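Trainee: Take this structure first; my questions come after.
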Amino acid sequence: MINTYITELVNYGVREGLVDGLDRTYTINRLIEFFGLIEYEEPEVIPGPRDLHLILEDMISWALGSGVLESDTTAAKDLFDTKIMGLITPPPSVVIRKFNELAERSSKDATDWYYAFSRATNYIRTDRIAKDMKWLAPTKFGDIDITINLSKPEKDPRDIAAAGKAKSTSYPKCLLCAENEGYSGTVTHPARQNHRIIPITLDGEEYFLQYSPYVYYNEHCIILNKKHVPMVIDRRTFRKLLSFVEQFPHYTAGSNADIPIVGGSILSHDHFQGGAYTFPMARAGYRRTFTIPGFEDLTAGIINWPMSVIRLQGDSAERLTDCADLILGKWRSYTDEGAFIFAETDGVPHNAITPIARKNSEGKLELDLVLRNNITTDEHPMGVYHPHAEYHHIKKENIGLIEVMGLAVLPSRLKKEMAELEDAILSGADIRANDSISKHADWVDEWRADYDLTTPASVREAIQTEIGRTFAKILGCAGVYKNEEDFMRFIGTL
């Protein structure tokens, strides 16, 4: 059967443009060597096209049965099938050349092709991403996107044990380093033989474009610095983000803040995130506009959003950069004890900005500057401007760039808990008596009287709606200003 699977995979590669028809026999021979075969015969009957993950699953099953693959843990199988896909993935030079040829015609044509390529190589595992739960939830700030992430596989205890015995290595230095391209991987570091990155230049500095393997939204891309240098939000950050959306006007680009708690998960490597997606925050309009002295040519204002966001609009990237740099400098050093805003305590800085750049529907450049603060207290040890304890039953993790923009990435445990809640509400069972969902009991009591909870569909819709409303409150927790008067005191310093 392995002969059939090899033929299927090579045919898939030809069909998806990964394998040139002239390289078909060469690719088959590489796979024969990989599987340790002595003989190979082209099957007389070639099956019709199948989904890639089904072909790879059959190859893994054959390999386990024949001793080519010894372990059936998730990590072992991922390392194995990524190595297989690496054998049919074109080298970086071919991918870069194709991207650049298309980019001469249109940057959108180039990214359309590159995204399809990244899915075809199984770098983006579409079969896993299809498991994610997604819905829109209405709030007073407009519809918010909710996602329950189910695409990241859970750790196998055997992989955890193996990781503890594995020899540590500092290559690549992190998951974002350019050296991940083609890397064979370990038990603790994903294989990337099927991974290809595209060199781009932002404000004269070398970066790479790639896609996130977990694509939380359409064409979720990562823009990573060629060098392994820490994240810093400064004047050049604004210029780089605007440079990116000028080159790729169909994409949004933003950066996490550069301090803990309100920053990204990988602060050690300078990177941005973007994609071809209109986030809920981008649809939010101005709640109040104002003029910043010296920048009368720009439109500036506070937008209708649960977090504290200043939006700048204009035609000149340089003018937007200058204005954003002014705001950043003022915010870094700003203290307002009455609003519980402290620039620093005991020499530790607290104020930061999460910037997002885009071209709007009118063709104007936009910069959203989200004011952040990571101060902690005894009452809020994880952060004053962080999801408060009363909402931890839904989410207690940091609010990063993606969620700032209105896309909730919620923990996988919620899928099971939502199903159990639905059953308990329909049957009239005591939610507090069930250890796995008792944490949701007070929350359900707050809203159950507002809904007709007589059918599975109505209960499911109520739970999803209330999760969305709770997420909007969580964003409100992360907002540094709870009223416009306090916010305008800062605006008055500009």
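The values are calculated or read from the model by the stated rules, or taken from the named source; none is laboratory data. Given the structure is predicted, the values throughout are model-derived calculations rather than measurements. Using ideal geometry, Cβ is built from the backbone for each residue, glycine included, and neighbour counts are taken over all protein chains shown. Ligands, DNA and RNA are stripped out before the accessible areas are found, and what is left, the full protein with its side chains, is counted by its heavy atoms. Shrake-Rupley method; radii C 1.70, N 1.55, O 1.52, S 1.80 Å.
Trainee: From 46, 55, 32, grab the single residue that is assigned by the TED database to the domain that holds residue 126, over 33 Å from the mean Cα position of the chain (by Cα) and modelled with pLDDT of 95 or more. Before the answer, list the steps.
Mentor: Values: 46 fails: modelled with pLDDT of 95 or more; 55 fails: over 33 Å from the mean Cα position of the chain (by Cα).
None of the others qualify; the one that does is 32.
Trainee: Can you tell me which residues in the stretch 244-269 are touching a Pro at 6+ places or on another chain (Cβ under 9 Å), under 27 Å from residue 99 (Cβ atoms) and either assigned to a loop (DSSP other than H, G, I, E, B) or at pLDDT below 95 (or both)?
Mentor: 255, 269
Trainee: Right, another one. Would you check which residues across the stretch 227-272 are in contact with a Ser or Thr (Cβ under 9 Å, 6 or more places away or on another chain), of a type in the set (S, T, N, Q) and open to solvent by 10 Å² or more (accessible area, probe 1.4 Å) and list them?
Mentor: Within the stretch 227-272, 243, 247, 252, 256 meet the criteria.
Trainee: Conditions first: (1) touching a helix residue (DSSP H, G or I) at 6+ places or on another chain (Cβ under 7 Å); (2) within 28 Å of residue 20 (Cβ to Cβ); (3) surrounded by 21 or more Cβ atoms within 10 Å (Cβ to Cβ). Residue 127 passes all but one, so which condition is the exception?
Mentor: The single condition residue 127 does not satisfy is (3).
Trainee: Any residue in the stretch 64-86 that is surrounded by 13 or more Cβ atoms within 10 Å (Cβ to Cβ), in contact with a helix residue (DSSP H, G or I) (Cβ under 7 Å, 6 or more places away or on another chain) and either acidic (Asp, Glu) or in a strand (DSSP E or B) (or both)?
Mentor: yes
Trainee: Under the condition of being free of Cβ contacts under 8 Å to residues at least 40 places away in the same chain and part of a loop (DSSP other than H, G, I, E, B), which residue from the stretch 332-362 is farthest from residue 237 (Cα to Cα)?
Mentor: Here the residue is 346.
Trainee: In addition: Name the pairs: first residue in the stretch 1-27 and among the basic types (Lys, Arg), second residue open to solvent by 40 Å² or more (accessible area, probe 1.4 Å) and assigned to a helix (DSSP H, G or I), Cβ to Cβ under 7 Å, at least 6 apart or on different chains?
Mentor: 24/14
Trainee: Among 462, 457, which is without any contact (Cβ under 8 Å) to a residue 40 or more places away in the chain, loosely packed, with under 15 Cβ neighbours inside 10 Å and not acidic (Asp, Glu)?
Mentor: Working: 462 fails: loosely packed, with under 15 Cβ neighbours inside 10 Å.
Unique residue meeting the criteria: 457.
Trainee: Please tell me if residue 239 is assigned to a helix (DSSP H, G or I) and farther than 27 Å from residue 131 by Cβ. Steps first, answer last, please.
Mentor: On the way: assigned to a helix (DSSP H, G or I): yes; farther than 27 Å from residue 131 by Cβ: yes.
Against the criterion (assigned to a helix (DSSP H, G or I) and farther than 27 Å from residue 131 by Cβ), residue 239 qualifies.
Trainee: Next up: Look at residue 118 and say whether it is among the small types (Gly, Ala, Ser) and not in a loop (DSSP other than H, G, I, E, B). Reasoning before the result, please.
Mentor: Values: among the small types (Gly, Ala, Ser): yes; not in a loop (DSSP other than H, G, I, E, B): yes.
Yes: the conditions hold for residue 118.
A quick yes/no check of all residues on (1) surrounded by fewer than 19 Cβ atoms within 10 Å (Cβ to Cβ); (2) modelled with pLDDT of 90 or more; (3) assigned to a strand (DSSP E or B):
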site	(1), (2), (3)
376	yes, yes, no
380	yes, yes, no
384	no, yes, no
387	no, yes, no
394	no, yes, no
399	no, yes, no
402	no, yes, no
408	no, yes, yes
416	yes, yes, no
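Trainee: Suppose we keep only residues that are touching a Phe, Trp or Tyr at 6+ places or on another chain (Cβ under 9 Å) and outside any helix (DSSP H, G or I) within the stretch 436-491. Which one would you say is nearest to residue 140 (Cα to Cα)?
Mentor: Looking at residues that are touching a Phe, Trp or Tyr at 6+ places or on another chain (Cβ under 9 Å) and outside any helix (DSSP H, G or I), I get 479.
Trainee: Would you be able to tell me the number of residues in the stretch 195-226 that are open to solvent by less than 50 Å² (accessible area, probe 1.4 Å), more than 27 Å from residue 145 (Cα to Cα) and not basic (Lys, Arg)?
Mentor: The number of residues fulfilling the criteria is 9.
Trainee: Moving on. Of the numbered conditions (1) in contact with a strand residue (DSSP E or B) (Cβ under 7 Å, 6 or more places away or on another chain); (2) in a loop (DSSP other than H, G, I, E, B), residue 294 satisfies every one except a single condition; which is it?
Mentor: With respect to (1) in contact with a strand residue (DSSP E or B) (Cβ under 7 Å, 6 or more places away or on another chain); (2) in a loop (DSSP other than H, G, I, E, B), residue 294 is out only on (1).
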